[in-house]
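Everything on this sheet refers to the single structure shown next.
Just so it is clear, none of the values below were taken in a lab; they were calculated from the coordinates. In this text, all values refer to a predicted model and were calculated from it rather than measured experimentally. Here the Cβ positions follow ideal geometry from the backbone for every residue, glycine too, while neighbour counts run over all protein chains shown.
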Amino acid sequence: MRVDRSKMIFLALCVLMDFQRRAARGPVSPGYSARLALALLYSFSRTGNRTIYDRFWRNLSDKDLPADRLTHDRGATAMATLAYICGDVCEDEERGALWNAVMVKTGRLKGPAHGGRPPIPIKEG
């Protein structure tokens, strides 16, 4: 069975969005699922710049953030780097729809956003 490129990117972004949500509460051990998702997304990178992928990884488990900035900065940085990763792996015309689909699937949005356009269809199976 072959999996479509868009679906692989979608699933990897959903995995990382779950880690972003957990990181907003404190340090997280990224594990193999985050490693696989980041590696897969980096393999689709249009820029070839690994820095932002490394930043997302380090941000998840960094215990050295100042205590007063720990949760807000960790969650905000993870979300910002994840948005950049989405832009790095997606073509311009698919970026918004794919990001919206990830946000809906992970519970960040309750339905179609940005003018009522539905997210891109992701075939199950």
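Worth a mention:
- Entry for the stretch 5-105 at q = 0.18 Å⁻¹: log10 I(q)/I(0) = -0.77, Debye formula applied to identical alpha-carbon scatterers, no solvent contribution.
- Mean Cβ neighbour count within 10 Å, used as a protection proxy, ranking 42-48, 9-15, 22-28, 53-59 highest first: 9-15, 53-59, 22-28, 42-48
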